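Comments concern the structure below.
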């Protein structure tokens, strides 16, 4: 039997209020396993504002602060500053927010926070829509997806704009560490969290967290779908360390995006032609990413 | 006045038993207030006419005179959000803003009071656009009435500095734990210099103990807890709101106590919630907030020389509202006028509404009239206040023409089109 690499300590206990098969719970569980006890979380409006339980209950073993939807970046800046005053700089300060709270309404506060260079973790658990309010499109919803505000209808009104690339925008802020991760690859995710603990300054993680309720698939397929997102290169796993790109999981054979789409109701309406266009776009992005690795390898 | 010339005047100091007197404007007074109160985390964003507050604090922290973390945030919304978590982590926090900055914070103000955090903020009262205006008006802070913040209105730059220290004293008490907004009128205070005494640090330290919340009430990995989580209708939401109400009620006495204790040490106090001037034998009293009060004092002195029994009741705290003090005042006077440097569209001046409401259950009900004046920074001079007093005498004698009047509009207010054509 191989050696277990995932820490056994649990900081997210049973009894959460999330949906069956929720990828967001895994995003939290693995993160806390990597970070350990000395951690403070700030969470804005999102599924996780509800999932730990209602007052006075919690299923988290670390302190957690609920804040307004749009201010996670500022909220963690404030915690970090106060900990400096108190001489407790060893504590991990973590903003944990959904994609809407990160990439749309919280984007200004996030940009301000990382620009100022606070020593914080910002973790976006990306389920690609406003799930807590009932599956409305966000800037992080991928092209082609059905949501309740891109309801397809008779006019083909699915999400037409591409997913906003927040990861690259974070890289453009010249922060020391940026990474994508997936709940379907926990070893890779935790390794990146541990790397972040060794890095001073702002760290940004975008963790694909499949959502059975919003993506319309059976709850037992969360990990399978999460893996397909990586194996099709729709959601490649990589990190950017001080400007240097590194792909952390390279699929032996890239699978067609169609395999990923077929398992999810949110893409069921897409005509072959559109799937083909998306495939071309994914191929191009994958090529760009590989060239970035090549281009920055000697930096 | 340029920064350099202010700096020059600042160098002329006089040391007294209680502090060092310097010539400065209200904005610097606010910065010195934050410094001597030993604020630990500052998060602020610049806005006219508040900018010098944040500049001066930057000077203090850069020179090492002030040991604080200063987060130069990218918006006022983020300023308040950062202070909320910093305060929840156990730090003493301070910021300053004005008008559009304050209204941008609106949502976060409720987060601060709901979380029971003793944040202290200075707001430079400025009119809201459009049309653009950077001059004095109280609409920005009055629009925050229901956010659960205490609200103070200052008459002098010295009062700004002293009120900051007093507010930390009140806000951080374990059974109060509420935030406070300290208002200063744009330009009348923010940019006008006057001698201000910066209290000696050791005296401030004696008056104001450090902020030391219980570890289990802060974000602390040794005491993991969730702050601000969901509360359902049949659980605790109304009870949490009731607790804020009770703390506000308790604060009435604590503000008075803090003010008189401050007076004993520093020789200055400000009347607690309602600052009375020559009201003991007054027949007619004008009420107002902020710098309108200074002009009113002058008008009163002149009218007293003419034998008129007039007085001033300056509303120092809008929240908690001094209901009991106003009722006590009403026992003695025949007519009360209320000057509002703001307006609630669809009704009347907000201070006037509150005063009327306070007097509904009073034993003695004086005659009342509202006066809207000084909007958008329009100057209110002694002559105008004397005219208002003259009108109040008519009201006292039962000749009331209206419930509220706008007293300083241009005579041709309905003729703007003709005026534009002439231009």
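Sorting B:28, B:360 by the number of Cβ atoms found within 10 Å of their own Cβ, with the fewest placed first, yields B:360, B:28. Just B:291, B:97, B:353 to compare: in a GNM of chain B, with alpha carbon springs under 10 Å, which one fluctuates most? Between B:291, B:97, B:353, it is B:353 that shows the largest mean-square fluctuation.
Going by average Cβ density within 10 Å per residue, which order do the peptides A:291-297, B:245-251 take, highest to lowest?
Descending mean neighbour count gives B:245-251, A:291-297.
For chain B, what is the calculated [θ] at 222 nm in deg cm²/dmol (nearest 500), taking -39500 (n - 2.57) for each run of four or more DSSP H residues and dividing by its residue count?
After summing the helix terms and dividing by the residues of chain B, the value is -12500 deg cm²/dmol.
When chain A is treated as a Gaussian network with alpha carbon springs shorter than 10 Å, the biggest mean-square fluctuation among A:95, A:156, A:117 belongs to A:156.
For region A:106-144 versus region B:184-211, the inter-centroid distance based on Cα atoms is 41 Å. Counting only other chain Cβ atoms within 10 Å of each residue's Cβ, the peptide B:106-115 averages 2. Is region B:12-54 best put as rounded, prolate or oblate by its Cα gyration tensor, with a ≥ b ≥ c the root eigenvalues, rounded for a/c under 1.5, and otherwise prolate when a/b is larger than b/c, oblate when not? In terms of gyration-tensor shape, oblate. By the count of other C-beta atoms within 10 Å, a proxy for reagent exposure, A:135, A:50, B:160 are ordered fewest to most as A:50, A:135, B:160. Computed packing ranks the peptides A:144-152, B:83-91 as B:83-91, A:144-152, most packed first, by mean other Cβ atoms within 10 Å. Sequence-distant contacts, meaning Cα pairs under 8 Å at least 6 residues apart, place the relative contact order of region A:23-296 at 17 percent. Shielding value for A:55-63 is 5, the average number of Cβ atoms from other chains within 10 Å of each residue's Cβ. As a proxy for reagent exposure, A:289, A:32, A:110 were ordered by neighbouring Cβ count within 10 angstrom, fewest first; the result is A:289, A:32, A:110. So how far, in whole Å, is the C-alpha centre of region A:235-280 from the one of region B:232-248? Taking the Cα centre of region B:232-248 as reference, the centre of region A:235-280 is 49 Å away.
Taking a ≥ b ≥ c as the square roots of the eigenvalues of the alpha carbon gyration tensor, region B:53-187 is rounded, as a/c is under 1.5. Take every pair of alpha-carbon atoms less than 8 Å apart whose residues are at least six positions apart; their mean separation over the length of region B:3-266 yields a relative contact order of 23 percent. Ignoring everything except DSSP H segments at least 4 long, calculate the 222 nm mean residue ellipticity for chain A; use -39,500 (n - 2.57) per segment, divide by total residues, nearest 500. Helix-only estimate at 222 nm: -10500 deg cm²/dmol. Taking every C-alpha pair closer than 8 Å and separated by at least 6 residues, the mean separation divided by the residue count of region B:141-253 gives a relative contact order of 30 percent. Counting Cβ atoms of other protein chains within 10 Å of each Cβ in A:30-42 and taking the mean gives 2. Mean-square fluctuations from a GNM of chain A, with a 10 angstrom spring cutoff on Cα atoms, peak among A:274, A:171, A:207 at A:274. Taken as Cα centroids, region B:335-378 and region B:269-299 sit 15 Å apart, rounded to the nearest whole angstrom.
Read the figures in this text as sums done on the coordinates, not as results from a lab. This one's a predicted model, so the numbers in the text were calculated from it and none came from an experiment. Here Cβ is always computed from backbone atoms with ideal geometry, including for glycine, and neighbour counts include all displayed protein chains.
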